[in-house]
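Undergrad: I have a structure I would like to understand better, so I am pasting it below and will then ask my questions one at a time.
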Amino acid sequence: PRKDDFLIFGCVNSMWLVRGDPAEGGSLDPITLATGIFGPKSFCWDAEDNLYWFGTSGIYKLRVSSEGWQVENLTAKSIPKLIDDETIDPTQHRITMGYDRSRHGILICITKIVGNTNSAYWLDLRTGGIFPESYPTQCAPASLLFYNADDDAYRKLLVGCADGYIRSFDDSAKVDDIGATDAAISAYVTLGPMPMNQDPELEGRMMGGFVTLAGGASG
């Protein structure tokens, strides 16, 4: 449901919108016939009432504006083979999505039902960037919920995990909590492409560079 006047149906290959009361002159209209939704947990809303969902060709956004309903594929250019690369199978995977009000982004988690191997993507709504992540099998996300508590200390995205724990993200932590022990966080970064010059008519050549590491797992 979206507020009091709309109801959205996510189907296998299409998305539909019910306006008003179906028993009192309401209407059923197609939002898009180009994609459906992966499953019942594969969607979330942001703070501006935009709908995000995992569809048949990537991650989609439904924007509400004065011009109507606009559907956008957010990964069509950045990760065009997302579905193929993840080898997603509805009978083997659970996909959950959650909007994090504190970090202003959306977490998309793809977890294999048997074995709990997983991959995730962080969609930063401030920059539009999307970043891959993965978690230990004990922490494999099964559900996501933002707890909008009155106390700032408790207002955060909660992650229901495969081992029965409910976890949250901690900026000060340097390891992942997997129950009785901890697991080092494996992080990586991709730089570029970057323009060599402000003038597109000029060419440049990179001859070398210096990299300063953060100290490894212990650091």
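The values are calculated or read from the model by the stated rules, or taken from the named source; none is laboratory data. All of these numbers come straight from a predicted model, not from anything done at the bench. Keep in mind that these areas ignore ligands, DNA and RNA; they rest on the heavy atoms of the full protein, side chains included. Shrake-Rupley method; radii C 1.70, N 1.55, O 1.52, S 1.80 Å.
Undergrad: Using bins 5 angstrom wide from zero, how does P(r) for region 96-179 break down, in % of all Cα pairs?
TA: Each 5 Å bin holds this share of Cα pairs: 3, 15, 24, 27, 20, 9, 2, 0.
Undergrad: Let me ask something else about it. Keeping all protein chains in place and using 1.4 angstrom, which order do H93, H104 fall into by accessible surface area, from largest down?
TA: If we order H93, H104 from most to least accessible, we get H104, H93.
Undergrad: Working out 0.36 nm times the residue gap between R2 and T56, then minus their Cα-Cα distance, what length gain in nm do you get to one decimal? If you can, show how the numbers build up before the last one.
TA: Values: separation 54, 0.36 × 54 = 19.44 nm, distance 2.23 nm.
Full-extension gain reported as 17.2 nm.
Undergrad: Normalising by the residue count of region 108-219, find the relative contact order in percent from Cα pairs under 8 Å and 6+ residues apart. Numbers along the way, then the final one.
TA: Working: 135 pairs, mean separation 16.1, N = 112.
In percent, rounded to a whole number, it is 14.
Undergrad: Bin width 5 Å, origin at 0, all Cα-Cα pairs of region 23-124: what percent of pairs per bin?
TA: 2, 11, 21, 23, 19, 12, 6, 3, 2, 0
Undergrad: Residues with amide H under 5 Å of F9's amide H, sequence separation 5 or more or different chain, H placed in the peptide plane at 1.01 Å from N; which?
TA: Long-range HN contacts for F9: W16, L17, V18.
Undergrad: In terms of the Cα gyration tensor, with a ≥ b ≥ c the square roots of its eigenvalues, is region 144-202 rounded because a/c is under 1.5, prolate because a/b exceeds b/c, or oblate? Write out the running numbers ahead of the final one.
TA: Numbers: a/c = 3.57, a/b = 2.03, b/c = 1.76.
Note, shape of region 144-202 comes out prolate.
Undergrad: HN-Hα J couplings of region 169-174 from phi, Karplus 6.51/-1.76/1.60, θ = phi - 60°, integer Hz, Gly and Pro as x?
TA: 7, 10, 5, 8, 6, 10
Undergrad: Once you order the gyration tensor axes a ≥ b ≥ c over the Cα atoms, which shape class does the chain get: rounded for a/c under 1.5, otherwise prolate or oblate by comparing a/b with b/c? All intermediate terms of the calculation are to be shown ahead of the outcome.
TA: Values: a/c = 1.88, a/b = 1.29, b/c = 1.45.
Because a/c hits 1.5 or more and a/b fails to exceed b/c, the chain counts as oblate.
Undergrad: Follow-up question, since we're still on this one. Can you grab the distance from the C-alpha centre of region 153-187 to the C-alpha centre of region 193-207, Å, no decimals?
TA: 41 Å
Undergrad: Against the empirical 2.2 N^0.38 Å scaling, what ratio does the C-alpha Rg of region 60-103 come to?
TA: 1.51
Undergrad: Would you look at the GNM of the chain, springs on alpha carbons closer than 10 Å, and say which of Y147, Y60, Y135 moves the most?
TA: Result for the chain, Cα springs under 10 Å: Y147 fluctuates most.
Undergrad: Once the Cα atoms of region 80-122 are picked out, what are the Rg and Dmax in Å?
TA: 11.5, 33
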